[in-house]
1. How much length would be gained if the chain were fully extended between HIS10 and GLU60, taking 0.36 nm per residue of separation minus their Cα-Cα distance, in nm to one decimal?
2. Quick one: work out Rg over Rh on the C-alpha atoms of the chain, Rh as Kirkwood radius.
3. To the nearest 500 deg cm²/dmol, what mean residue ellipticity at 222 nm is calculated for the chain from DSSP H runs of n ≥ 4 alone, each contributing -39,500 (n - 2.57), summed and divided by the residues?
4. Highest first, please rank the peptides 42-49, 26-33, 14-21 by the mean number of other Cβ atoms sitting within 10 Å of their residues.
5. Just for the chain, what percent of DSSP beta bridges are antiparallel, to the closest 5?
6. How high is the relative contact order of the range 27-96, in percent, counting Cα pairs under 8 Å that sit 6 or more residues apart?
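Only the coordinates and a few stated rules stand behind these numbers; no lab work does. The structure presented is a predicted model; accordingly, all values stated were derived computationally and were not measured. Don't worry about glycine lacking a Cβ; one is built from the backbone with ideal geometry, like all the others, and counts go over all protein chains shown.
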Amino acid sequence: MTSEEQAALHCVVYGRVQGVGFRFFVVDEAERLGLTGWVRNRPDGRSVELVAEGPRSRLEELRRAVTKGPPGAWVERVECSWQAPSGEHTGFSIRR
């Protein structure tokens, strides 16, 4: 990774984001950007949660991507917050 400031981004994405490949979309985008972390469906049936770590500029790219999502998804809103990176993730995975 670059010497750019490392950060962590926590987002909850609301809308039609379950059953439309949204988690796989997030994994593909995160891996393309060289980020680590995880994504999962939330039990409410209408939101997805993710935590990603890496260079802040790449996290911003991921944040922009999840506001659109894959074809078939409809994103109502995205709530994100910045956190200190934990460094605990070695890849990007889907959590159950």
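1. Values: separation 50, 0.36 × 50 = 18.00 nm, distance 1.15 nm.
Stretched out fully, the HIS10 to GLU60 stretch lengthens by 16.9 nm.
2. Values: Rg = 12.3 Å, Rh = 13.0 Å.
My calculation of the ratio gives 0.94.
3. On the way: 2 runs with 23 residues, N = 96.
Theoretical 222 nm ellipticity from helices: -7500 deg cm²/dmol.
4. Numbers: 42-49: 14.0, 26-33: 19.1, 14-21: 16.6.
Descending mean neighbour count gives 26-33, 14-21, 42-49.
5. Values: 24 of 27 bridges.
That works out to approximately 90 percent antiparallel.
6. Details: 81 pairs, mean separation 30.9, N = 70.
Relative contact order of the range 27-96: 44 percent.
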